[in-house]
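**Student:** I am attaching a structure below and will ask some questions about it afterwards.
The values are calculated or read from the model by the stated rules, or taken from the named source; none is laboratory data. Bear in mind that the values here come from a model prediction, so they are computed numbers and not experimental data. Ideal geometry is used to build each Cβ from the backbone, glycine not excepted, and the neighbour counts take in all protein chains shown.
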Amino acid sequence: MLTEQASMNKLRWIMTELRDPETGCPWDIKQDFSSIVPHTIEEAYEVADAVMDAVEQQDFSELEKELGDLLFQVIFYSQLGYEQKQFDFDSVVSAICEKLIRRHPHVFGDKNLSSDAEIKANWENEKAKERQQKSTNDQISILADIPKNLPALTQAAKIQKRCAHVGFDWHNIEDVFAKVVEEVEEVKVEIEQNNPEALAEELGDLMFAVVNLCRHAKQDPEQLLRRANQKFTRRFHGVEKQVETSGVEFEQHSLETLEAYWQQVKINEKQK
């Protein structure tokens with residue numbers, strides 16, 4: 001198997017060898033479901049970063065590698081499931097195949113869903129049925145099973161989307177924008193009142209409202225903030241280069257001079 005071409009079977013064989021109690025890798029052998037979760041989260045973020053870099057630079061070689069690392073996480077969990085007689089890779093594949101076919105009746109069945117809105121509504125309805133089937137209660141919350149470990153922006157967007165699906169939502173983006181302005185004013189009041197606890201709450205409300213604005217604008221808040229972070233980092237590197245050229249220590253520059261450097265970086269970007 002070691003000399004065979006790469007395939008899913010070869011990857012599964014590698015995983016089995018790594019977990020062999022007698023001849024496997026000591027690190028892989030001692031892992032369990034909980035211990036590899038941080039690595040899974042890290043790999044998922046690395047995939048997200050690689051996607052953004054690939055789109056921006058049109059170089060997909062790094063994304064290919066990171067997707068392989070993420071796939072290994074799936075294989076690892078599947079091996080643990082197999083060892084504990086809970087599930088295996090084949091059952092994982094079977095489950096996702098069944099779910100995708102069931103959630104796409106307009107592709108694999110005779111249901112007619114022509115618009116994005118109809119497709120999204122059907123998707124949410126299917127997920128609601130799944131939540132109800134998993135619950136032992138007669139009534140299950142619409143917000144049930146939203147992952148607690150999601151990034152806060154993504155979690156907020158998911159909460160809002162769930163509520164919107166049942167009609168608990170602003171009717172238009174103008175009302176959402178007005179809510180953002182309202183929250184800004186409430187933040188200003190708490191800054192003037194010098195009340196840290198109330199200010200923290202209002203700042204949270206403001207961020208939640210901004211996520212709502214992103215959603216109504218059909219934008220992903222997590223990706224928007226990532227791009228903003230990348231843009232700021234890129235421009236700050238430009239400022240650092242100008243500081244280095246000046247021969248003066250960064251801390252010795254006035255804010256006005258640093259701002260002038262910043263504006264020059266922005267001008268240079270627009271001229272490219």
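**Student:** Please work out if residue 97 is farther than 27 Å from residue 143 by Cβ and either surrounded by 11 or more Cβ atoms within 10 Å (Cβ to Cβ) or among the aliphatic types (A, V, I, L, M) (or both).
**Tutor:** When the stated conditions are applied, residue 97 does not pass them.
**Student:** Here's another thing I want to ask about it. So residue 33 ticks every box in (1) surrounded by 14 or more Cβ atoms within 10 Å (Cβ to Cβ); (2) aromatic (Phe, Trp, Tyr); (3) touching a Leu at 6+ places or on another chain (Cβ under 8 Å) but one. Which box is left unticked?
**Tutor:** Tallying (1) surrounded by 14 or more Cβ atoms within 10 Å (Cβ to Cβ); (2) aromatic (Phe, Trp, Tyr); (3) touching a Leu at 6+ places or on another chain (Cβ under 8 Å), residue 33 fails exactly one: (1).
**Student:** Does segment 246-267 hold any residues that are polar (S, T, N, Q) and either within 31 Å of the chain's Cα centre (by Cα) or more than 26 Å from residue 56 (Cβ to Cβ) (or both), and which are they?
**Tutor:** Result: 246, 252, 254, 257.
**Student:** Looking at (1) at pLDDT below 90; (2) farther than 22 Å from residue 100 by Cβ; (3) of a type outside the set (S, T, N, Q), which is the only condition residue 119 fails?
**Tutor:** Condition not satisfied by residue 119: (2).
**Student:** Right, something else. Among residues belonging to segment 50-78 that are surrounded by 15 or more Cβ atoms within 10 Å (Cβ to Cβ) and of a type in the set (Asp, Glu), point out the one that is nearest to residue 8 (Cα to Cα).
**Tutor:** The residue in question is 69.
**Student:** Run down 223, 230 and say which single residue is surrounded by 14 or more Cβ atoms within 10 Å (Cβ to Cβ), more than 30 Å from residue 167 (Cα to Cα) and at pLDDT below 95.
**Tutor:** Result: 230 is the single residue among 223, 230 that is surrounded by 14 or more Cβ atoms within 10 Å (Cβ to Cβ), more than 30 Å from residue 167 (Cα to Cα) and at pLDDT below 95.
**Student:** Which helices (runs of 4 or more DSSP H) sit wholly inside segment 3-103 and have at least 2 residues that are closer than 30 Å to residue 225 by Cβ?
**Tutor:** Answer list for segment 3-103: 37-57, 61-83, 89-103.
**Student:** Hey, another quick one. If residue 87 passes every condition in (1) under 24 Å from the mean Cα position of the chain (by Cα); (2) surrounded by 13 or more Cβ atoms within 10 Å (Cβ to Cβ); (3) among the hydrophobic types (A, V, I, L, M, F, W, C) but one, which one does it miss?
**Tutor:** So residue 87 meets the others, but not (1).
**Student:** Go over the candidates 260, 228 one by one and state the one that is of a type in the set (Gly, Ala, Ser) and closer than 30 Å to residue 175 by Cα.
**Tutor:** After applying the criteria, what remains is 228.
**Student:** Please list, ordered by first then second residue, the pairs with beta carbon atoms under 7 Å, 6 or more apart or interchain, first in segment 228-246 and in a helix (DSSP H, G or I), second among the hydrophobic types (A, V, I, L, M, F, W, C).
**Tutor:** Within 7 Å, the pairs are 235/262; 235/265; 238/265; 239/258; 239/262; 239/265; 243/250.
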